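Notes follow once the structure below has been shown.
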Amino acid sequence: MATTAATILDIGSLPAVWLRDNCPCPQCRDPRSGQKLFQITDLPPDPVAAEVRESGSDVEIVWAPDGHRSVYARAWFDAPGEPDPRGEEGKSLWDAADLDALRFEFDWADYTSDPAPALSAVEGLGLALLRGVPRVEEQVLAVAETFGFVRETNYGRLFDVRVEDKPNNLAFTSVRITPHTDNPYRDPVPTLQLLHCLTNEAAGGDSGFVDGFRAAALLRDEQPDAYQVLVRTPVPFEFRDAHTQLRAHRPIIGADGGGRIREVRFNNRSMGTLRLPFTELTGFYAAYRAFAEVLARLELMRTMRLLPGDCVVFDNTRVLHARTAFDGAGARHLQGCYADLDGLSSTLGVLNRGTGAAL
Ligand code: OGA
Ligand code: ZN
Ligand code: ZN
């Protein structure tokens with residue numbers, strides 16, 4: 001039975017070009033890959049749903065002017081939009097007390113039989129702590145390979161965090177390191193970091209983690225002008241040593257077009273010199289200090305001491321990491337590597353297909 005556009009489903013209220021662009025027919029989408037076979041410029045500029053038929057769970061549209069037929073599943077119209085996987089929407093923001101009530105610690109044996117809970121924690125909370133990971137050199141690479149690809153950088157595929165004679169980075173000394181994200185001078189930045197503790201016998205050297213999204217959201221609530229300054233000011237981050245010269249100009253808080261937080265880049269060690277009109281410099285420094293003060297609030301930092309066999313996996317665009325100074329005479333050795341969140345999310349998405357949680 002042919003009907004007009006305004007029946008059970010109000011097709012007339014939906015943008016025709018959007019419907020036509022989402023036609024699932026085999027001329028429009030390759031049946032094997034599901035990929036689109038046409039360009040937007042191949043579509044008529046003003047498609048019109050000339051006939052609409054509803055039968056069972058399908059809706060059929062015949063288009064004018066070209067007579068193309070599209071058949072949509074009724075359920076497709078009701079599917080919710082999914083949030084940006086990197087954005088604050090859909091994440092659980094935390095302070096230290098919140099994190100204790102949430103599940104972020106996982107036993108390695110449990111992880112290897114079902115990685116999904118820990119991977120969900122990395123997506124939703126920005127970190128997971130794996131305990132009882134084999135204490136062998138290069139194991140951190142094997143951990144990264146359980147969910148994705150290692151991101152090699154100028155520090156190598158893997159880097160050793162221990163006191164070095166001629167360190168090219170303060171991480172490789174025994175000094176205190178305040179909350180920061182790594183590699184802010186890379187664009188794109190590695191979106192995941194792993195640190196695996198092999199030995200931690202030195203006095204000091206405790207770890208701390210801060211949810212940078214929570215801190216940025218607090219700044220947005222409390223000092224919206226400062227938040228806006230940090231969102232709109234590109235900051236030059238730099239790193240150089242004998243073999244490397246890296247530079248990235250990115251804001252400290254990255255937001256999407258709707259003002260939602262999607263990236264935090266904060267590292268006092270590698271911020272270069274801002275060259276801006278003097279009035280803007282003053283405003284930037286006030287905003288930068290305001291954010292640093294929020295990040296330094298004691299209630300935001302979850303402190304912990306990494307034990308041999310602990311491996312922390314965290315979102316390097318969200319969770320800042322820190323360590324207290326330690327006695328350089330004592331033994332402390334972590335191994336780290338970088339990887340990327342999109343690969344982790346892909347692995348999790350595929351795992352969840354099996355449970356029907358995210359088809
Ligand atoms: C690092 C770092 C922290 C630590 O290597 O990026 O910040 O606990 N290390 O030594
Ligand atoms: Zn089609
Ligand atoms: Zn670091």
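Nothing in this text is a laboratory measurement; each read-out follows from the coordinates by a stated rule. Everything numeric in this text was worked out from a predicted model, so none of it was measured. When we count neighbours, we look across all protein chains shown, and the Cβ atoms used for this are built from the backbone with ideal geometry, even at glycine.
Here, P(r) means the percent of Cα pairs in each 10 Å bin from 0 to the largest distance; for the stretch 96-353 it is 7, 30, 37, 21, 5, 0. 3J(HN,Hα) along the stretch 286-294, derived from phi through the Karplus expression 6.51 cos²θ - 1.76 cosθ + 1.60 where θ = phi - 60°, amounts to 5, 6, 4, 5, 4, 5, 4, 5, 5 Hz, with x in place of Gly and Pro.
Under a Gaussian network description of the chain, with springs only between Cα atoms under 10 Å, the residue in P80, P277, P31 that fluctuates furthest is P31. Taking only the Cα atoms of the stretch 232-359, the radius of gyration and Dmax are 18.8, 57 Å.
Relative protection proxy for 235-245, 330-340, 139-149, from highest mean packing down: 330-340, 139-149, 235-245 (other beta-carbon atoms within 10 angstrom).
For the stretch 124-210, count all C-alpha to C-alpha pairs, find those more than 15 Å apart, and express that count as a whole percent of the total. When all Cα pairs of the stretch 124-210 are counted, 67 percent exceed 15 Å.
Taking the Cα centre of the chain as reference, the dipole from Cβ charges on Lys and Arg (+1) and Asp and Glu (-1) amounts to some 800 debye. Between the stretch 20-39 and the stretch 84-121, what's the alpha-carbon centroid distance in Å? Taking the Cα centre of the stretch 84-121 as reference, the centre of the stretch 20-39 is 36 Å away.
Taking a Cβ cut-off of under 10 Å around F172, the surrounding Lys, Arg, Asp and Glu residues balance to a net charge of -1, with basic ones at +1 and acidic ones at -1. Between the listed residues F213, T273, H249, the Cα displaced farthest toward the positive end of the dipole of the chain, a dipole computed from Cβ unit charges relative to the Cα centre, is found at T273. Here's the picture: charge each Lys and Arg Cβ at +1 and each Asp and Glu Cβ at -1 in the chain, and of L198, S55, Y72 the one pushed furthest to the positive end of that dipole is L198. The long axis of helix 341-355 is offset from the longest Cα principal axis of the chain by roughly 60 degrees.
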